[in-house]
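Here's the structure, in structure tokens; my notes come after.
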Amino acid sequence: MKISVIGTGYVGTVSGACFAELGHNVICVDVDKTKIDQINAGIPPIYEEGLSELLKKHSAHRISATSDYDFAVMNSDVSFICVGTPSDHEGNIDLGIVRAASASLGDALKKKKGYHVIVVKSTVVPETTEKVVLPIIEKHSGKRAGEFGIAMNPEFLREGKAVHDFMHPDKIVVGSLDKRSGDIVASLYSGLPCEITRTNPRTAEMIKYVNNSFLATKISFSNEVGNICKELGIDTYEVMKAVGKDFRIGTHFLNSGAGFGGSCFPKDVKALIGKAQEIGYEPQLLKSVIAVNEKQPSRMVKLLKDRLGSIKGKKITVLGLAFKNDTDDIRESRSIQVIKELLDNGSKVLAYDPMANENMKKLFGNVEYHDSAVDALSGADACLLMTEWEEFRQLDKEFQVMKKRLVIDGRHMLTPGKDIEYVGLCW
Ligand code: NAD
């Protein structure tokens, strides 16, 4: 089938490349000319394992990119809206980009004769597809739902493993207003061995929020337990390992540490809080999930101050800047809050990340960035480990170059030797 993908960020580029791998022809649309040029040259605009190979394989024949909505709609049967849905200044969802993309799609649809399905893949709060996207498309196209198709198909990929997750999904959800649109969207995934959950758009939208909010809740719950365990001298990892053996709980997402970041969990939990409040419900549990998460990075700095006293003028190494391993994405990374607090306290910050140095430089110009952990550790008074990069697990003798060998681990990664003062965040 012929697909157009609107917005070529993480979700759009990965979905486009994977749909091409499934045999579909894909036109990517973006307002960013650099990204269009990169995709047409077979270069991914973001780092994702396996993405470069897929783009190289398909960019000459099955994938192209353009900024021309008319061309994309005219030459495809289905358009996926994959643009960003950031938080506004109050934490609620900002649908400005979804509105703009819907208007452009509607304008293009007006000029098209045949049937076309518009699918919302961006994460949007319940009712958005029906009450925001659909009316905009109807207004701009001059057509009514039914003359064109409308569906909601949330994306569950994990950054760092996005290509793998798209090609090996544990669930595919298709919410549609009518059977015809839903059948078309479902058929796009027929090459994947996964049961498809068919529902209406608002349920599909809710499934995505509940999925992310539940995972975020597990993390904040584990962090709260970890904070209590730390005070009691109990190893929370031993506790959670046993607790996770209960089949009703499961073993995943029980690791306590510096908290969750990224472009999804914080923003999605806040958006669900905003939606609940809009309809008059006070979501106390979800608000606590965010509150616990926001305190974890400060606990890292507190542990540091407990050991060093004043940290003014002290050289502090931050290892790990990306919000998680295997990505260069720093959005809502816990390192940002830690670096900010260190700088506010007058510390000199040295940093290293295998992939995210360049992105963090755009945020903090006054940090000394290094190309290896050992370089960043040289002469430091302490080290804070913030991201679970596999290469950090092996660190040991590298700590010898520090002035004072104090290491605070926010990710339960390290087993350093005896001459290191090792402090776990929650253990
Ligand atoms: P992103 O910011 O990386 O990419 C969005 C892209 O849209 C950018 O390339 C931008 O230039 C482009 N864009 C902006 N305005 C446009 C317009 N009017 N027309 C065409 N393109 C336009 O975003 P992302 O991380 O890919 O997320 C997209 C959506 O998917 C969000 O709703 C997000 O919550 C959701 N999601 C993200 C992930 C993830 O891991 N990143 C996972 C699942 C779902």
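The values are calculated or read from the model by the stated rules, or taken from the named source; none is laboratory data. For clarity, every value in this text was computed on a predicted model and none was experimentally measured. Note that each Cβ is placed from the backbone with ideal geometry, even for glycine, and that neighbours are counted across all protein chains shown.
Quick notes on this one:
- Residue within region 81-100 that is out of contact with any strand residue (DSSP E or B) (no Cβ under 7 Å at 6 or more places or on another chain), assigned by TED's automatic domain parsing to the domain that holds His24 and farther than 30 Å from Lys275 by Cβ present: no
- Qualifying residue in region 281-290 (condition: without any contact (Cβ under 8 Å) to a residue 40 or more places away in the chain, farther than 19 Å from Ser220 by Cβ and either assigned by TED's automatic domain parsing to the domain that holds Phe399 or crowded, with 20+ Cβ neighbours inside 10 Å (or both)): yes
- Yes/no for His61 being at pLDDT below 95 and over 22 Å from the mean Cα position of the chain (by Cα): yes
- Under the condition of being touching a residue at least 40 places away in the same chain (Cβ under 8 Å) and not in a strand (DSSP E or B), the residues counted in region 58-81 number 10.
- Summed over region 1-29, the residues that are part of a loop (DSSP other than H, G, I, E, B) and within 12 Å of the ligand (Cβ to nearest atom) give a count of 3.
- Flag set for Leu177, criterion: over 29 Å from Leu51 (Cα atoms), crowded, with 16+ Cβ neighbours inside 10 Å, in the same structural domain as Leu55 (by TED's automatic domain parsing) and more than 12 Å from the ligand (Cβ to nearest atom).
Residue-by-condition table, conditions (1) among the polar types (S, T, N, Q); (2) crowded, with 17+ Cβ neighbours inside 10 Å; (3) on the phi > 0 side of the Ramachandran plot:
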| position | (1), (2), (3) |
| --- | --- |
| Glu390 | no, no, no |
| Gln394 | yes, no, no |
| Ile408 | no, yes, no |
| Thr415 | yes, no, no |
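- Restricting attention to region 109-122, the residues that are within 13 Å of the ligand (Cβ to nearest atom) and surrounded by fewer than 24 Cβ atoms within 10 Å (Cβ to Cβ) total 1.
- Any pair with Cβ under 6 angstrom, 6 or more apart, that starts in region 363-375 at a residue that is assigned by TED's automatic domain parsing to the domain that holds Val401 and charged (D, E, K, R) and ends at one that is crowded, with 16+ Cβ neighbours inside 10 Å and not in a loop (DSSP other than H, G, I, E, B): Glu368/Leu350
- Within region 82-103, the residues that satisfy the criterion of being in a helix (DSSP H, G or I) and touching a residue at least 40 places away in the same chain (Cβ under 8 Å) are Ile97, Ala101.
- Considering Asn40, Asn75, Asn92, the condition of being surrounded by fewer than 23 Cβ atoms within 10 Å (Cβ to Cβ), more than 28 Å from Cys264 (Cα to Cα) and among the polar types (S, T, N, Q) is satisfied by Asn75 alone.
- Boolean, Asp268 is within 18 Å of the chain's Cα centre (by Cα), crowded, with 20+ Cβ neighbours inside 10 Å, at positive phi and in contact (Cβ under 8 Å) with a residue 12 or more places away in the chain: no
- Whichever residue in region 146-163 is at pLDDT 95 or above and surrounded by fewer than 16 Cβ atoms within 10 Å (Cβ to Cβ) and, among such residues, is nearest to the ligand (Cβ to nearest atom): Glu147
- If you go through region 74-94 and keep only what is near the ligand (Cβ under 9 Å from one of its atoms) and among the aliphatic types (A, V, I, L, M), you end up with Ile81, Val83, Ile93.
- You will find that of Ile249, Ile279, the residue that is closer than 27 Å to Pro169 by Cβ and more than 22 Å from the chain's Cα centre (by Cα) is Ile249 and no other.
- Residue match in region 149-156 (condition: closer than 26 Å to Gly261 by Cβ and of a type in the set (S, T, N, Q)): yes
- Screening Ala60 against (1) more than 15 Å from the ligand (Cβ to nearest atom); (2) in contact with a Lys or Arg (Cβ under 8 Å, 6 or more places away or on another chain) leaves a single unmet condition, (2).
- Residue match in region 337-350 (condition: small (Gly, Ala, Ser) and farther than 22 Å from Phe253 by Cβ): yes
- Screening Thr34 against (1) under 21 Å from Asn359 (Cβ atoms); (2) in contact with a Leu (Cβ under 8 Å, 6 or more places away or on another chain); (3) modelled with pLDDT of 95 or more; (4) of a type outside the set (Lys, Arg) leaves a single unmet condition, (2).
- Among the candidates Glu53, Glu48, residue that is assigned by TED's automatic domain parsing to the domain that holds Phe156, outside any helix (DSSP H, G or I) and either of a type in the set (D, E, K, R) or within 13 Å of the ligand (Cβ to nearest atom) (or both): Glu48
- Residue satisfying all of: in region 43-58; charged (D, E, K, R) and surrounded by 15 or more Cβ atoms within 10 Å (Cβ to Cβ); modelled with the lowest pLDDT among these: Glu48
- Taking each residue of region 123-136 that is surrounded by fewer than 19 Cβ atoms within 10 Å (Cβ to Cβ) and looking for partners that are outside any helix (DSSP H, G or I) with beta-carbon atoms closer than 7 Å, six or more apart or interchain, yields Val132/Leu95.
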